[in-house]
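Here's the structure we're looking at; comments come further down.
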Amino acid sequence: MRGAVLYGPRDVRFEEREAPKVIESTDAVIRISATCVCGSDLWPYRGIQPVTQPTPMGHEYCGIVEDVGRAVTSVKPGQFVIGSFFASDNTCPNCRAGYQSSCQRKEFVGTAQAGRLRVPLADGTLVATPAVPSDDLIPSLLTLSDVMGTGWFAAEAANVKPGTTVAVVGDGAVGLLGVLSASQRGAERIIAMSRHESRQRLAREFGATDIVTERGDEGVARIKELTKGVGADAVLECVGTQESMMQAMRSTRPGGSVGYVGVPHGVELNGEELFYAHVRLHGGPAPVRRFLPELIDLVWNRKINPGKVFDLTLPLDQVAEGYRAMDERRAIKTLLRP
Ligand SMILES: [Zn+2]
């Protein structure tokens, strides 16, 4: 079986890897229908997160179950399934509280840019769709594995409710789907922060009412201007840099909330600023498993079309070009078909 392996900065190869098989009785092996490149894959790709050894890549996936271990009862061969980037048992206290990405038995699922994938803890991790989907639904179903679930979590963590004013920092796939999530949750006003025309267009399609092109302090000033000087009720931080986190915190009104889902790189918070800001912070790796049934339903019934974030589709063997296009911001997100 061939799959993507990252060797070092900007060096992704598509090469022969050992085919996955059922090892534990709780495993499933799925044949990948579609996978993709994540914004967070760009951190190691750009060398910001060091790569010490050849590393198989990919943590977003959906596909057909091929084989299951003898203890697996909730999914069976032939079903189309979606799972999270963290395998979870869905039974421990953290899972029961809705935080499957903090499962006491969590395992990262990180080898999905390949033809086949082993998924541990299959019963707790995978959710089957009502039937094998038609091809046009696959991109949207794939987003539920990470980016849509992450945008949804950002909106929930920021306490987006009907009537609220929301600002979204970051115009990558997660930020754009944060806009869609805020809109689904009934936000009245959604301010997307983006300076790229194609992304602004998609943000508007997903429900953004205002676009702010300024960044940093100027971006904050612009949000204040748009909100009678107080800031937004809810701010979604979907980048993970010091600048974006500060922009998010300072754009939030006292009593408001920041939902942060960008994987932080070098972010440090100042205790005194945090103290006087009067904002709630909640975030982390999204427990996308919790949202899968609800989001599958929305996609299945064609209420949402998050698959629009894929503006480049490539055969899996061109995975290196998929990374390049996202690194150079020629593509928002690359879909890969084995
Ligand atoms: Zn658990």
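Each reported figure results from applying straightforward, stated rules to the coordinates on display, with no laboratory input. Fair warning: this is a prediction, and the values are worked out from it, not measured in the lab. Reconstructed Cβ throughout: ideal geometry from the backbone, glycine too, with neighbour counts over all protein chains shown.
See the values below:
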| read-out | value |
| --- | --- |
| Max mean-square fluctuation residue, GNM over the chain, Cα-Cα springs under 10 Å, options Gln247, Gln53, Gln104 | Gln53 |
| Other-chain or far-sequence residues with amide H under 5 Å of Met193's (modelled H) | Val168, Gly170, Val212 |
| Spatial separation of Cα centroids for the stretch 263-302 and the stretch 308-338, in angstrom | 25 Å |
| Principal axis box of the stretch 86-158, alpha-carbon based, largest edge first, Å | 37, 31, 24 |
| For the stretch 48-59, Karplus couplings with θ = phi - 60° (6.51, -1.76, 1.60), whole Hz, Gly/Pro x | 6, 10, x, 10, 8, 8, x, 10, x, 10, x, 9 |
| At 1.002 mPa s and 20 °C, Stokes diffusion of the chain via Kirkwood alpha-carbon radius, µm² per second | 107 µm²/s |
| Segment Val51-Ser74, extension gain: residue separation times 0.36 nm, minus the distance between their alpha carbons | 4.7 nm |
| Proximal lysine pairs, the chain, alpha carbons under 27 Å, eight or more residues apart or interchain | 10 |
| Amide H contacts of Ala232 (H built 1.01 Å from N, under 5 Å, at least 5 apart or other chain) | Thr252, Arg253 |
| Rh by Kirkwood over Cα pairs, then Stokes-Einstein D for the stretch 150-283 at 0.692 mPa s and 37 °C, µm²/s | 237 µm²/s |
| Inter-centroid distance (Cα atoms) of the stretch 109-171 relative to the stretch 16-85, Å | 14 Å |
| Furthest towards positive pole of dipole, Ile223, Ser74, Pro44, structure part the chain, Cβ charges | Ser74 |
| Sequence-distant residues sharing a close amide H with Leu281 (under 5 Å, placed H) | Val258 |
| Rounded D (µm²/s) - the stretch 29-143, Kirkwood Rh over Cα pairs, Stokes-Einstein at 25 °C, 0.890 mPa s | 165 µm²/s |
| The stretch 306-316 - phi-based ³J(HN,Hα) in whole Hz, Karplus 6.51/-1.76/1.60, Gly and Pro as x | x, x, 4, 5, 7, 10, 8, 10, 9, x, 3 |
| 3J(HN,Hα) from dihedral phi, the stretch 146-160, Karplus parametrisation 6.51/-1.76/1.60, rounded to Hz, x for glycine, proline | 8, 4, 5, x, 6, x, 5, 5, 4, 5, 5, 5, 8, 6, 6 |
| Cα-Cα separations in the stretch 290-338 greater than 15 Å, expressed as whole percent | 54 percent |
